[in-house]
1. Could you figure out which of (1) open to solvent by less than 50 Å² (accessible area, probe 1.4 Å); (2) under 21 Å from L372 (Cβ atoms); (3) more than 20 Å from the chain's Cα centre (by Cα) isn't true of L263?
2. Checking W185 against (1) closer than 22 Å to T345 by Cβ; (2) surrounded by fewer than 19 Cβ atoms within 10 Å (Cβ to Cβ), only one condition comes out false. Which one?
3. Looking at the stretch 212-257 only, could you name the residues that are closer than 22 Å to E361 by Cβ and of a type in the set (S, T, Y)?
4. Identify all residues within the stretch 151-198 that are hydroxyl-bearing (S, T, Y), in a loop (DSSP other than H, G, I, E, B) and touching a residue at least 24 places away in the same chain (Cβ under 8 Å); write none if there are none.
5. Is there a residue being at pLDDT 95 or above, assigned to a loop (DSSP other than H, G, I, E, B) and open to solvent by 10 Å² or more (accessible area, probe 1.4 Å) anywhere in the stretch 122-129?
6. Is it the case, given these coordinates, that V232 is out of contact with any Pro (no Cβ under 9 Å at 6 or more places or on another chain), open to solvent by less than 40 Å² (accessible area, probe 1.4 Å), closer than 15 Å to Y140 by Cβ and modelled with pLDDT of 95 or more?
7. For the stretch 53-82, enumerate the residues that are in a helix (DSSP H, G or I), open to solvent by less than 10 Å² (accessible area, probe 1.4 Å) and touching a Phe, Trp or Tyr at 6+ places or on another chain (Cβ under 8 Å).
8. (1) outside any helix (DSSP H, G or I); (2) buried (at least 21 other Cβ atoms within 10 Å of the Cβ); (3) at pLDDT below 95: which one isn't true of R110, the others all being true?
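The values are calculated or read from the model by the stated rules, or taken from the named source; none is laboratory data. For clarity, every value in this text was computed on a predicted model and none was experimentally measured. Every residue, glycine among them, receives a Cβ derived from its backbone with ideal geometry; neighbour counts consider all protein chains shown. Accessible surface is based on the protein model in full, side chains and every heavy atom, while ligands, DNA and RNA are left aside. Shrake-Rupley method; radii C 1.70, N 1.55, O 1.52, S 1.80 Å.
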Amino acid sequence: GRRQGGWWQWKTVAGVMAADLHRERETAWQHPRGVGVAVHRASMDTVLATLLSLARLPMRQLQLVLNQSQGDIFGLTRLQQGQCPVISGATIPWLPPRLSAAPSEIFRNRRQLGSIENEKPSPTTLTPPTPPTPPVMIWYEHLSKAGGTSFCKLAKKNMPRKEVPSYYCMPSEPGGRLDARVGQWDNEQLANYYLREKKTLVSNEWEPFPQQRLKMQQYVSGTKQPLLLLLVTTLREPLNRLVSAYRFWGVLHNPILQKPPPLRRWLKRMEARARRDAASPSGIGKGNITGRGDFIAHVGRPNFATWKFSGGALPLPRRILGRYSRRRSYPWAQEEPLWREPFETAVRTLARFDLAIPLEELSKHTGPLRELLGWSHFEATQFVPSGEVVNAVATAELPPEDHDQLWDDNKLDMVLYNWVRAMYLTRIYCSM
């Protein structure tokens, strides 16, 4: 029955059910659910334990736990039906602690005032800020082929053009590079850029997320802060993102257009490029201002999102030597000492983002973006910088054995992506 295959049972399978929820399991499916059901957030330690228990599962078991028609540990079936998936008063073990609403309120209040240069509080604002309030900038963490161009164009529709960098929302150097590689800047450089250019949005595509940015997210009332950040990102279903990256970088922008490599060979080449870049002292994420690195080297690597949000700490999987080996690398299930700490860092980092948007949900559910930034224009939510808009579906591109291999290689990202989807929809359909 429903209870046997339900959300609560799979939490037990994954080993993460809190003791006080055992009593609720028997009645969980007997209580009505709906929009606005009051739920409680978990501690960060509980969230980490929950997601680690999922990441440790073998591929087939993890697929069952995530499958919306079977385990559905994140309750996505009910969330997509517009219902909160848990009973009133329950603690959701993967829902992280609440973040401060102050940066969002300051940002929206200044939008209402109509100018970022007006620093005086107004009696007409909904939530009058206590002076002095710092300027607020949106930091958009752009994962290649995961909706960054769409987000940038939405920003230009909803914000004054003078406040948004013109080159794909990435800061430029006067008389220099169009992309000044904001991911390599320290916090002081970013604050000085705001003071000089008065831009209220920047996008970081190529470097991993700089962990020092988290210090600029913390608002302390009454203190003088040079700049406050709102952290926003979009994630996409990991295998579909890889297929889209292949079509864009491996086919459309391949230097040998007459004969682009097949997907599997392209992924192998990209992993080799990522290994070379990781070994280079001027590689991506090394903090080398003068070195550019191989800027697209990592877009085809496994667990790209985990690498991004771990600050570049996630290593590539160890290769299996031997010409007769079917696998190119050891499965992640055998490599926990390599991935555990970077995965935990990625989880903690994403939990600190003011908004992580699953790309597939953005066109249907714009409410969280409206609430956070005060945006109201969402006429088009899918754009591409060149070529035609194409929805990549990995299951149609790959034979079953290759699909399973790629799924297993990207299982850490599978956990993060499904978690982000659940957090985003829970924000809409549950009361917290």
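1. Result: L263 passes all but (2).
2. (2)
3. Correct list: T233, T234, S244.
4. Across the stretch 151-198, the qualifying residue is only Y168.
5. no
6. Yes: the conditions hold for V232.
7. A55, V65, L79
8. (1)
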